[in-house]
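Here the structure is laid out as structure tokens; the discussion comes afterwards.
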Amino acid sequence: MRVVLEVAVVLGSALVAALVFTPAARALARRVGAVTRPMPKRWYKGPTPLFGGVAIVAAAAAGLAAATVVVGDGWALRIETATARPALGIAISSCFMFVVGLVDDLVHLRPPTKLLLELLAGAMLLSLGAVFPVTPWDVVNVVATLFWFLALTNAFNLLDGLDGVAAGVGAIASFFLGLAFAFQGAWGHAAVAWSLAGATLGFLRYNFHPASVFMGDAGSLFLGSMLAGLVVTLPGAVSTNLVSVLFVPLVIVAVPLLDTTLVTVTRVLAGQPISEGGLDHSTYRLIALGLNERQVAVLLYALAAAGGLIALLLTRLDRGLGVLVGTAFLVAMSLFAAYLGRGQVGAAGQGARMKPLTVLVRSLFYKRRLAEILLDVALITLAYYAAFRLRFDGMLPPAYASAFEATVGPVIAVTLTLLGLFGVYRGAWEYTGIFDVYRIVGAVLVSNVTLLAYAAWRVPPLAQSHNIIYIAALVAAGLLLTSRLSFKSLELVRQRFQRKGERVLIYGADSGGELALRELLIHSELRLRPVCFVDDDARQHGREIHGVPIVAGLDGLGWVVERYKIDKIVIGTRQVMPETLAAIQVLARGRGVHVGWVNVDVKWLVPVDAAPAVRATPEPSVAAGNGRGETHLPVEVGAAGGPDGNGRIALTG
């Protein structure tokens with residue numbers, strides 16, 4: 001109970017201090033003119049004060065000071081003996097980055113100058129003994145420490161582009177990092193992390209959309225460098241486990257790191273400077289998908305909290321299970337980032353001439369199949385190891401651990417080869433269908449049979465426990481299918497929860513109605529939102545197509561229009577009787593609802609001296625008398641075509 005009270009003192013004191021200091025810092029920023037200016041490559045549109053970082057630093061210091069005064073023994077400020085000098089490195093490097101950010105907020109430092117100063121701050125941390133113990137080699141550890149410091153510092157700096165995102169994610173990451181430290185007995189580190197969590201949470205009160213103050217570079221650089229320093233100075237006595245050293249911090253700060261990785265990769269592929277501002281971050285890509293600013297912030301908070309909870313779980317698992325769970329979460333986050341990075345969204349600007357390194361990286365990354373193969377290596381390995389742990393209820397007997405090490409290489413090689421032979425790598429993830437499922441399942445089954453034969457010949461433990469091979473096949477098939485269906489699933493979720501546009505009823509729940517639904521969902525620029533189907537087949541009622549319910553027949557059309565507040569009716573079926581069309585039009589006119597259809601129209605290329613192309617119209621317009629005309633949306637249906645495109649989808653209403 002006392003520990004909970006002490007945690008509340010640290011976090012609560014910093015939070016209250018931030019609630020008091022932030023308005024004062026905002027007023028000071030306005031007074032000295034430290035406000036943002038509207039820029040075409042930035043999201044913010046109006047002048048906003050920038051001194052939120054000053055309030056965060058002051059509030060974090062106040063939280064630690066209050067812990068010293070209020071808590072009897074002052075445990076919150078007692079840094080472990082093993083990290084006394086590195087702790088000084090945290091303070092010096094993070095305060096130095098705060099000053100660098102403050103100067104940048106006032107006079108705008110050039111990116112090379114800023115990077116040089118960040119390297120200097122990292123060198124300060126290293127010179128005082130803070131080294132990330134990830135390998136047995138000191139030189140590698142020094143390079144890893146410097147890279148970690150630069151990556152996390154800039155991750156929060158890049159994430160701070162949308163109201164409340166960096167502050168909220170930083171507060172969540174700091175809180176869970178403090179819990180992870182506390183579970184490992186590093187109470188001094190936990191106290192610093194919780195004071196930072198309270199400070200950023202109090203600041204979030206004024207930074208959540210619509211923000212009245214920004215943390216600026218002073219706040220984001222301080223936040224990132226402080227978290228980076230805390231991780232690398234964790235006492236060796238409690239951080240000998242690879243999971244504690246590497247996976248726990250990676251999972252906790254996965255959101256800012258993946259945003260940075262997404263921006264870096266997409267800009268390198270596009271030949272654009274990484275250091276320039278732009279609207280190609282994960283936050284802006286989510287907005288481009290239809291979410292508003294508050295929804296984006298809450299979604300990223302949820303992902304950060306999920307990472308924090310998984311990190312706490314990792315501290316309770318052994319090394320093998322910890323690596324398994326941590327890797328699975330990072331792979332899932334990587335798939336989400338890959339989904340967001342599919343297209344160009346407000347990039348910073350095209351580079352006039354790409355450097356040789358950029359050309360090399362582009363040539364590698366555009367080999368999309370290489371990325372798929374690397375992902376499959378991770379998934380197959382995860383599935384195979386998970387099968388061993390599942391077979392023995394989380395344990396792994398030594399004989400079977402040796403069997404895993406002896407067979408994991410051949411399993412990966414055989415499965416990848418079969419996936420290639422079955423044509424899995426020829427598919428496009430956005431259009432994964434039933435034939436892709438057959439290919440994956442077939443490749444895994446053949447791989448399973450091959451492994452059974454190999455085990456009977458060379459691996460006695462596996463020959464005695466075939467269940468491991470069966471479990472591995474099921475898990476591998478599930479992971480491979482999940483990865484291939486991830487893009488399509490995320491797109492369906494986005495379309496299903498799209499809340500913009502006029503409400504549309506689709507008449508006809510057959511293949512034509514399903515086609516109409518998909519076209520309306522894909523072409524969100526039409527601003528039409530399907531909400532329900534009406535179909536005369538009573539057996540269909542109560543079912544759904546792509547998440548859209550089939551609610552009634554033609555006799556209930558009037559009730560459905562009123563109940564669902566329908567703005568437009570789209571005829572989807574190709575088998576509608578003339579009297580049915582007339583009844584729909586009469587009802588629609590009486591309620592002021594427009595009627596139309598989704599009509600596929602293909603224009604064929606012909607020689608200039610030939611007769612003009614004839615429009616192929618499946619059936620006459622059902623709403624010719626309503627005076628609405630036609631709205632045409634260009635759709636690419638082939639590689640060749642003139643300036644007008646090869647086809648169009650016409651919504652007649």
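Points worth noting:
- Meets criteria (in the same structural domain as residue 149 (by TED's automatic domain parsing), over 15 Å from residue 156 (Cβ atoms) and within 31 Å of the chain's Cα centre (by Cα)) for residue 102: yes
- Scanning region 159-182 for residues that are assigned to a loop (DSSP other than H, G, I, E, B) and in contact with a Gly (Cβ under 9 Å, 6 or more places away or on another chain) yields a total of 2.
- Restricting region 558-574 to residues that are over 12 Å from residue 593 (Cα atoms) and in contact with a helix residue (DSSP H, G or I) (Cβ under 8 Å, 6 or more places away or on another chain), the residue that is modelled with the lowest pLDDT: 574
- Looking only at residues of region 256-274 that are among the hydrophobic types (A, V, I, L, M, F, W, C) and closer than 15 Å to residue 153 by Cβ, we find that the one that is modelled with the lowest pLDDT is 274.
Yes or no, residue by residue, for (1) more than 17 Å from residue 419 (Cα to Cα); (2) touching a residue at least 24 places away in the same chain (Cβ under 8 Å); (3) out of contact with any Leu (no Cβ under 9 Å at 6 or more places or on another chain); (4) among the β-branched types (Val, Ile, Thr):
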site: 370; (1), (2), (3), (4): no, no, no, no
site: 389; (1), (2), (3), (4): yes, yes, no, no
site: 393; (1), (2), (3), (4): yes, no, yes, no
site: 404; (1), (2), (3), (4): yes, no, no, no
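- The residue of region 282-298 that is modelled with the highest pLDDT, among those that are assigned to a helix (DSSP H, G or I) and surrounded by fewer than 17 Cβ atoms within 10 Å (Cβ to Cβ), is 298.
- Applying a threshold of 7 Å to beta carbon distances and a minimum spacing of six or more residues, or different chains, the list of pairs starting in region 457-475 at a residue that is among the hydroxyl-bearing types (Ser, Thr, Tyr) and ending at one that is part of a helix (DSSP H, G or I) reads 465/391.
- Test for residue 156: is it crowded, with 24+ Cβ neighbours inside 10 Å and either outside the structural domain of residue 262 (by TED's automatic domain parsing) or of a type outside the set (Gly, Ala, Ser) (or both): yes
- Residue 279 of a type outside the set (Ser, Thr, Tyr), more than 15 Å from the chain's Cα centre (by Cα) and either modelled with pLDDT of 85 or more or at positive phi (or both): no
- Tally, over region 417-438, of residues that are among the β-branched types (Val, Ile, Thr), under 30 Å from residue 321 (Cα atoms) and crowded, with 18+ Cβ neighbours inside 10 Å: 1
Quick grid of which residues meet (1) more than 17 Å from residue 170 (Cα to Cα); (2) out of contact with any Leu (no Cβ under 7 Å at 6 or more places or on another chain); (3) modelled with pLDDT of 90 or more:
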position: 24; (1), (2), (3): yes, yes, yes
position: 35; (1), (2), (3): yes, no, no
position: 45; (1), (2), (3): yes, yes, no
position: 58; (1), (2), (3): no, yes, yes
position: 62; (1), (2), (3): yes, yes, yes
position: 94; (1), (2), (3): no, yes, yes
position: 102; (1), (2), (3): yes, yes, yes
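- Restricted to region 388-416, and to residues there that are under 32 Å from the mean Cα position of the chain (by Cα), closer than 24 Å to residue 373 by Cα and aliphatic (A, V, I, L, M), the residue that is surrounded by the fewest Cβ atoms within 10 Å (Cβ to Cβ) is 413.
- Of the residues in region 212-225, at least one is crowded, with 24+ Cβ neighbours inside 10 Å, within 23 Å of residue 304 (Cβ to Cβ) and among the aromatic types (Phe, Trp, Tyr).
- Top-ranked residue in region 516-557 [being modelled with pLDDT of 90 or more, part of a helix (DSSP H, G or I) and among the aliphatic types (A, V, I, L, M); ranked as surrounded by the most Cβ atoms within 10 Å (Cβ to Cβ)]: 516
The values are calculated or read from the model by the stated rules, or taken from the named source; none is laboratory data. This one's a predicted model, so the numbers in the text were calculated from it and none came from an experiment. So basically every Cβ, Gly included, is an ideal-geometry build from the backbone, and we count neighbours across all protein chains shown.
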